[in-house]
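What follows draws every value from the coordinates through simple rules; no lab data is involved. Keep in mind it's a predicted model, so treat the numbers as computed, not measured. When we count neighbours, we look across all protein chains shown, and the Cβ atoms used for this are built from the backbone with ideal geometry, even at glycine.
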Amino acid sequence: MAHESDALGEVKLCTDVELISRLESLVKADRALSAKLLVHMGEIDARNLYCGRGYTSMFQYCTSALRMSEAEAYLRIHAARTGRRLPLVLDRLESGDVHLSAIKLLDGHLTEANHVQLLERARGKTKRQIEVLVAELAPKPDVPAHMRKLTSARGAVASTAPDASSPALLSTVAVPASSVPLSVSTETQPLASQ
């Protein structure tokens, strides 16, 4: 624990300018280390070396042996596989042009033919901006309008259909005013004994 207290004490002695400079250097070093980590993960994954350690998948190896969270393991494995397929992805991660979430979101759209241009378009964007970019690349069709025949409130209603005066149905379907009660009782009635 001495290391932690030394680091905290050292940081408290930094000027504002020094602290910002150190943080920026650490982030740069972290990105370089992350890219190297992904290269190693990708190679271990490709060789199935996790099997020799008794794990059934790279994901299990990462979460159990390396003690990564599920989300961290998922993002890193995904990025490592993408980086093996398209090494420029890892260069862009190291430079800070893209982040792990961007790689995950873009992966299904990155090809040998378009990855340089697509990574350029993604440069410096937030996760939300990448989601918009992906939506532009592969727009989903509009949800089709659905119409269904509703039974009359006075007619026979199947036991699984909602009551015509239920709040859930009222919020989505126009109901004639004459079929909606003017007041709703909140009192509970005792169940009749059988």
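Of note:
- Neighbour-limited loop hits for GluC sites (Glu not before Pro), region 98-152 (at most 11 other Cβ within 10 Å; DSSP other than H, G, I, E, B): GLU112
- Those lysines that a straight Cα-Cα span of less than 29 Å connects to LYS104, excepting residues fewer than 8 apart in one chain: LYS28, LYS36, LYS125, LYS127, LYS140
- Low-density loop positions, trypsin sites (Lys or Arg not before Pro), region 97-137 - DSSP coil, at most 13 other Cβ in 10 Å: ARG123
- Cleavage-rule hits (trypsin sites (Lys or Arg not before Pro)) in region 1-64: DSSP loop, at most 12 neighbouring Cβ within 10 angstrom: ARG53
- For region 1-86, the calculated P(r), taken from all Cα-Cα distances in 10 Å bins from zero up to the bin holding the longest distance, is 16, 34, 23, 21, 6 percent.
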